[in-house]
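*Asks:* Pasting a structure below so you can have a look.
The values are calculated or read from the model by the stated rules, or taken from the named source; none is laboratory data. Just so it is clear, the structure is predicted and the values come from calculations on it, not from any experiment. Using ideal geometry, Cβ is built from the backbone for each residue, glycine included, and neighbour counts are taken over all protein chains shown. Accessible surface areas use protein heavy atoms only, side chains included; no ligands, DNA or RNA. Shrake-Rupley method; radii C 1.70, N 1.55, O 1.52, S 1.80 Å.
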Amino acid sequence: MTIRLGINVDHVATVRNARGGAHPDPVRAAKAALAAGADSITAHLREDRRHIRDADIEALRLLPAPLNFEMAATPEMVAIASRLKPHACCLVPERRAERTTEGGLDLIGQKEALAPAIATLKAAGIRVSLFIEPTAAVIAAAAELGAPVIELHTGTWCHALADQDAAKSAAEFERIKAAASQGASLGLEIHAGHGLDYASAEQISALPEIAELNIGHFLIGEAVFVGLGNTIARMRQAMERGRGMRGAAA
Ligand SMILES: CC(=O)[C@@H](O)[C@H](O)COP(=O)(O)O
Ligand SMILES: NCC(=O)COP(=O)(O)O
């Protein structure tokens, strides 16, 4: 079975916002991602708009590719999603002070609060996904809530890999493996994401239940190193053209 790749463009917007201008444009990055073979685009419109802005989401929605709109289950975000009708909404927990999404949704404690948001989004024809920890009780709660998709939070596993903690990373991977199997047996479509890099994406892609990975931060960071040579060469050519030197012909 094939496995889909969704590209998260949040951190293109993070860099853009550092200067307050329009460059680099996350919509242009999304187009490049699609041209390079990505299956869909993911973007998280945070309550504090620290990276993706409302206008970005509006423009990403117009691209000829599925948009996975990550959002907190707040009335404001549910209203935006219901109006834009993206292909999918991934409900994520959000804390204003966090640096990034630090855990999965508390489906057990927040069931009452999440159910109406899920129902509203489903009624708008949007595919709802729940960003959760790979834990048996949470997966059972996800199935009860009636969302067709879960996205397993891979952050703890990826941190353990980065820390070269072999015992913890093995245990975390087993947790993800069991969660993927449990979720699939309950009829859920299984996605995964957060902190994935080449090695972890390769390892998790071996799990047959995983239908989609959403990856952003690593790819945007890595693109600096892969792309810097080309951009510097083009800048050198521009300078040489300006001077009337040989770069002018390039
Ligand atoms: C849900 C998830 O893991 C990420 O998409 C995360 O929500 C991105 O948030 P930041 O881009 O703010 O780190
Ligand atoms: N939902 C996870 C995601 O979209 C990307 O997370 P990351 O690769 O930016 O950590």
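*Asks:* Any idea how far the Cα center of the range 194-250 sits from the one of the range 34-111, in Å?
*Replies:* About 24 Å separates the Cα centre of the range 194-250 from the one of the range 34-111.
*Asks:* Now for a different question. By how many nm would the segment from L62 to R99 lengthen if fully extended, with 0.36 nm per residue of separation less the alpha-carbon distance?
*Replies:* Using 0.36 nm per residue and subtracting the Cα-Cα distance, I get 10.4 nm.
*Asks:* Under a 1.4 angstrom probe, counting protein chains only, how are I126, I3 ranked by accessible area, largest first?
*Replies:* I get I3, I126, largest accessible area first.
*Asks:* Among A167, A238, A178, which one moves the most in a GNM of the chain with springs linking Cα atoms closer than 10 Å?
*Replies:* Of A167, A238, A178, the most mobile in the Gaussian network model is A238.
*Asks:* Non-local amide H neighbours of Q110 (under 5 Å, H modeled in plane, Pro and chain starts lacking H): which ones?
*Replies:* The list, which skips near neighbours in sequence, is empty: none.
*Asks:* Looking at the range 22-103, which GluC sites (Glu not before Pro) are in a loop (DSSP not H, G, I, E or B) and have at most 11 other Cβ atoms within 10 Å?
*Replies:* Working: sites: E47, E58, E70, E76, E94, E98, E102; in loops: E47, E94, E98, E102.
Answer by residue number: E98.
*Asks:* Ok, one more. In angstroms, what radius of gyration and Dmax does the chain have, counting Cα atoms only?
*Replies:* Taking only Cα atoms of the chain, I get Rg and Dmax of 19.6, 69 Å.
*Asks:* At 1.4 Å probe size, with every protein chain present, just tell me what the per residue accessible area of the range 1-50 comes to in Å².
*Replies:* Here the per-residue accessible area is 52 Å².
*Asks:* With a cap of 16 neighbouring Cβ atoms within 10 Å, and only residues DSSP puts in a loop, list the trypsin sites (Lys or Arg not before Pro) found in the range 72-150.
*Replies:* Answer in residue order: R95, R96, R99.
*Asks:* How far is helix 26-35 tilted, in degrees, relative to the longest principal axis of the Cα atoms in the chain, given as a value from 0 to 90 rounded to the nearest 10?
*Replies:* 90
*Asks:* Please list V224, V27 in order of solvent-accessible area, largest first, computed with a 1.4 Å probe with all protein chains present.
*Replies:* Result of the area sort, largest leading: V224, V27.
*Asks:* With every protein chain left in place and a probe of 1.4 Å, what is the accessible surface of R241, to the nearest 10 Å²?
*Replies:* For R241, the solvent-accessible surface is approximately 110 Å².
*Asks:* Also: Any idea what diffusion coefficient the range 174-225 gets from Stokes-Einstein, in µm²/s, Kirkwood Rh on alpha carbon pairs, 37 °C, 0.692 mPa s?
*Replies:* 279
*Asks:* Another question, if that's okay. Note down the net charge around K85, summing +1 for each Lys or Arg and -1 for each Asp or Glu among other residues with Cβ under 11 Å from its Cβ.
*Replies:* Here the count lands on +3.
*Asks:* Next question, about the same structure. Counting only protein heavy atoms and using a 1.4 Å probe, what share of the accessible area of the chain belongs to carbon plus sulfur, as a whole percent?
*Replies:* In the chain, the share of accessible area belonging to carbon and sulfur is 57 percent.
*Asks:* Can you work out D for the range 1-128 in µm² s⁻¹ from Stokes-Einstein, where Rh is the Kirkwood radius over C-alpha pairs, the temperature is 10 °C and the viscosity is 1.306 mPa s? Walk me through the numbers before you get to the answer.
*Replies:* Details: Rh = 15.2 Å.
Taking Rh from Cα pairs, D becomes 105 µm²/s.
*Asks:* Note down the Stokes-Einstein diffusion coefficient of the range 112-225 in µm²/s, whole number, using a Kirkwood radius over alpha carbon pairs, 4 °C, and 1.567 mPa s. The partial results should precede the final answer.
*Replies:* On the way: Rh = 14.8 Å.
Taking Rh from Cα pairs, D becomes 88 µm²/s.
*Asks:* Once both axes come from the Cα atoms, what is the angle between helix 75-84 and the longest principal axis of the chain, in degrees from 0 to 90, rounded to 10?
*Replies:* 60
*Asks:* Enumerate lysine pairs in the chain that are 8 or more residues apart or on different chains, then count those whose Cα atoms are under 23 Å apart.
*Replies:* Taking the chain as the scope, the lysine pair count is 4.
*Asks:* Another one. Determine ³J(HN,Hα), in whole Hz, for all residues of the range 125-137 in sequence, where each value follows from phi through the Karplus function 6.51 cos²θ - 1.76 cosθ + 1.60 and θ = phi - 60°; x replaces Gly and Pro.
*Replies:* x, 9, 6, 9, 10, 10, 8, 9, 6, x, 10, 3, 5
*Asks:* What accessible area per residue, rounded to a whole number of Å², is obtained for the range 170-250 using a probe radius of 1.4 Å? Could the numbers behind the result be given before it?
*Replies:* On the way: 4810 Å² over 81 residues.
Computed with neighbouring chains in place, this is 59 Å² per residue.
*Asks:* Quick check for me: using +1 on Lys/Arg Cβ and -1 on Asp/Glu Cβ, what's the dipole size of the chain about its Cα centre, in debye to the nearest 20?
*Replies:* 1300
*Asks:* Amide H of N8 versus every other amide H placed in the peptide plane: which residues, excluding those fewer than 5 positions away on the same chain, fall under 5 Å?
*Replies:* Hits under the 5 Å cutoff: T42, I215, G216.
*Asks:* Now, a different point. Any idea what angle helix 166-185 forms with the longest principal axis of the chain, computed on alpha-carbon atoms, 0 to 90 degrees, nearest 10?
*Replies:* 60
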